[in-house]
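The values are calculated or read from the model by the stated rules, or taken from the named source; none is laboratory data. Quantities reported herein were computed from a predicted structural model and do not represent experimental measurements. All Cβ positions, glycine included, derive from the backbone under ideal geometry; neighbour counts span all protein chains shown. The accessibility values were calculated without ligands, DNA or RNA, using every heavy atom of the protein model including side chains. Shrake-Rupley method; radii C 1.70, N 1.55, O 1.52, S 1.80 Å.
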Amino acid sequence: MEQRHLGRTGLRVSRIGLGTLTWGHTEESDAADLLKVFWEAGGTLVDTADVYGDGEAEYLLGRLIERLVPRRDLVIATKAGSVPDPERRFDGSRGHLLAALDASLARLGTDHVDLWQVHAFDPGTPIEETLQALDIAVSSGRARYAGVSNFCGWQLAKAATWQLAVPGARTRIAGTQMEYSLLQRGVEREVLPAAIDLGVGLLPASPLGRGVLTGKYRHATPADSRGGSDHMAPFVAPYLDDAAARIVDAVATAADGLATSPLQVALAWVRDRPGVTAPIVGARNAQQLAAALSVESLSLPDEICRALDDVSAPVHRYPDHDWSTL
């Protein structure tokens, strides 16, 4: 699998990443199959978080490292900052973040993670305090690189600029993880331009529109799908409207013309967007993952990309466009 640099850093990752959001509900044997298929295809980037399965995803990944795949062959990314507190969903305080990192390392059974990300912006903590936790993590060797997740445009720009203001003393923001797909192009408004300008690599989450872009929901909701499960149905539901259906139909039409699958078309589109380093793909089983990884040999023709761009184009007007043309 092709390797790409994460932003303007020396960290190289596979251009498709493996996500572990659902590993809290995954059997160890199934997770082992997923990790083995990914590794054998040349995949390196494995993304998790301390809240996935209340820590079970990290614990499961840790059990598989070395026993199944050598630690040195993986780029392990995790996140901290989300908390199960209805009064405070995010905690970006230095104390919480560093304690969470130590707990993640213990569950993963490793002395460092390759990429440590702040899971979300915490308006209750000064951003310089949050970012100092990243500096401490990197300077102490517990993390090799640092990033953020779910930061809007101004938050990302502020964080990345703050870190760049003192070169050598502060660790630069290497990447930002955001939802991005043909069904969710909101990052193109401000986040992606900021990331490109500041040398921050984008790691798209849910690149298949939470599974909807595979076409599996075109006619009904399969009982064995995420949309058919009690705990994941609300996650899929926002992309089952008429607007999404029109985009999914266009993806299916493109797939028919290219003699490939809607999954491959949707994934190739986001993988090759400007500023994107590596989409993070979640899969229920090894067969689904193998189908996603087979996109490695596919590059969409320009005319297909333009057609998909047009059918899925978000409405971005003032102030994104020249005001004089409005």
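Give segment 73-96 a look and list any residue that's touching a Phe, Trp or Tyr at 6+ places or on another chain (Cβ under 9 Å) and not β-branched (Val, Ile, Thr), or say none.
ASP73, LEU74, ALA77, LYS79, ALA80, GLY81, SER82, PHE90, GLY92
At pLDDT 95 or above and over 27 Å from GLN264 (Cβ atoms) - does that describe any residue in segment 174-182?
Looking for residues that are at pLDDT 95 or above and over 27 Å from GLN264 (Cβ atoms), one finds at least one in segment 174-182, hence yes.
Could you please find all residues in segment 245-274 being in contact with a Leu (Cβ under 7 Å, 6 or more places away or on another chain), surrounded by fewer than 20 Cβ atoms within 10 Å (Cβ to Cβ) and in a helix (DSSP H, G or I)?
Answer for segment 245-274, where residues must be in contact with a Leu (Cβ under 7 Å, 6 or more places away or on another chain), surrounded by fewer than 20 Cβ atoms within 10 Å (Cβ to Cβ) and in a helix (DSSP H, G or I): just ALA250.
In this structure, is ILE76 under 23 Å from GLU296 (Cα atoms), open to solvent by less than 30 Å² (accessible area, probe 1.4 Å), in contact (Cβ under 8 Å) with a residue 40 or more places away in the chain and in contact with a helix residue (DSSP H, G or I) (Cβ under 7 Å, 6 or more places away or on another chain)?
no
Considering only segment 4-26, state which residues are touching a Ser or Thr at 6+ places or on another chain (Cβ under 6 Å) and open to solvent by 30 Å² or more (accessible area, probe 1.4 Å).
Listed by number, the list holds a single entry, ARG4.
Which of the residues spanning segment 272-315 are within 25 Å of ALA194 (Cα to Cα) and among the basic types (Lys, Arg)?
ARG273, ARG306
Report yes if ASP111 is in a helix (DSSP H, G or I), closer than 25 Å to GLY10 by Cα and modelled with pLDDT of 95 or more, otherwise no.
No.
Condition test on THR110, is it more than 21 Å from LEU156 (Cα to Cα), open to solvent by less than 30 Å² (accessible area, probe 1.4 Å) and without any contact (Cβ under 8 Å) to a residue 60 or more places away in the chain?
Yes, satisfied.
List every residue pair whose Cβ atoms sit under 8 Å apart, with the two residues 6 or more apart in sequence or on different chains, where the first one lies in segment 296-321 and is within 17 Å of ALA252 (Cβ to Cβ) and the second, anywhere, is open to solvent by less than 60 Å² (accessible area, probe 1.4 Å) and not in a helix (DSSP H, G or I).
LEU298/THR260; LEU308/LEU182; LEU308/LEU300; SER312/LEU182; SER312/LEU183; SER312/ARG185
Identify the single condition in (1) at positive phi; (2) buried (at least 17 other Cβ atoms within 10 Å of the Cβ); (3) assigned to a loop (DSSP other than H, G, I, E, B) that ASP50 does not satisfy, given that it satisfies every other one.
(1)
Among the residues of segment 158-174, write down those that are on the phi < 0 side of the Ramachandran plot and open to solvent by 60 Å² or more (accessible area, probe 1.4 Å).
Passing the criteria: LYS158, THR161, TRP162, LEU164, ALA165, PRO167, ALA169, ARG170, ARG172.
Can you find, within segment 142-151, the residue that is surrounded by the fewest Cβ atoms within 10 Å (Cβ to Cβ) among those that are under 15 Å from LEU11 (Cβ atoms) and of a type outside the set (A, V, I, L, M)?
Filtering first and then ranking leaves ARG144.
Could you please let me know if ALA133 is more than 20 Å from the chain's Cα centre (by Cα), crowded, with 23+ Cβ neighbours inside 10 Å and not basic (Lys, Arg)?
Yes, satisfied.
Among the residues of segment 127-145, is there at least one that is part of a strand (DSSP E or B) and polar (S, T, N, Q)?
no
Listed here are the residues, each with its yes/no results for (1) among the acidic types (Asp, Glu); (2) free of Cβ contacts under 8 Å to residues at least 60 places away in the same chain; (3) over 24 Å from ASP302 (Cα atoms).
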{"site": "TYR217", "(1), (2), (3)": "no, yes, yes"}
{"site": "HIS231", "(1), (2), (3)": "no, no, yes"}
{"site": "ASP241", "(1), (2), (3)": "yes, yes, yes"}
{"site": "ALA250", "(1), (2), (3)": "no, no, no"}
{"site": "PRO262", "(1), (2), (3)": "no, yes, no"}
{"site": "VAL270", "(1), (2), (3)": "no, no, no"}
{"site": "GLN288", "(1), (2), (3)": "no, yes, yes"}
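Name the single residue, out of those in segment 27-46 being in a loop (DSSP other than H, G, I, E, B) and open to solvent by 30 Å² or more (accessible area, probe 1.4 Å), that is modelled with the lowest pLDDT.
GLU27
Is at least one residue of segment 181-198 in contact with a Ser or Thr (Cβ under 8 Å, 6 or more places away or on another chain), open to solvent by 20 Å² or more (accessible area, probe 1.4 Å) and assigned to a strand (DSSP E or B)?
yes
For residues that are of a type in the set (Gly, Ala, Ser), in a helix (DSSP H, G or I) and either over 22 Å from the mean Cα position of the chain (by Cα) or within 21 Å of LEU11 (Cα to Cα) (or both), tally how many sit in segment 71-103.
2
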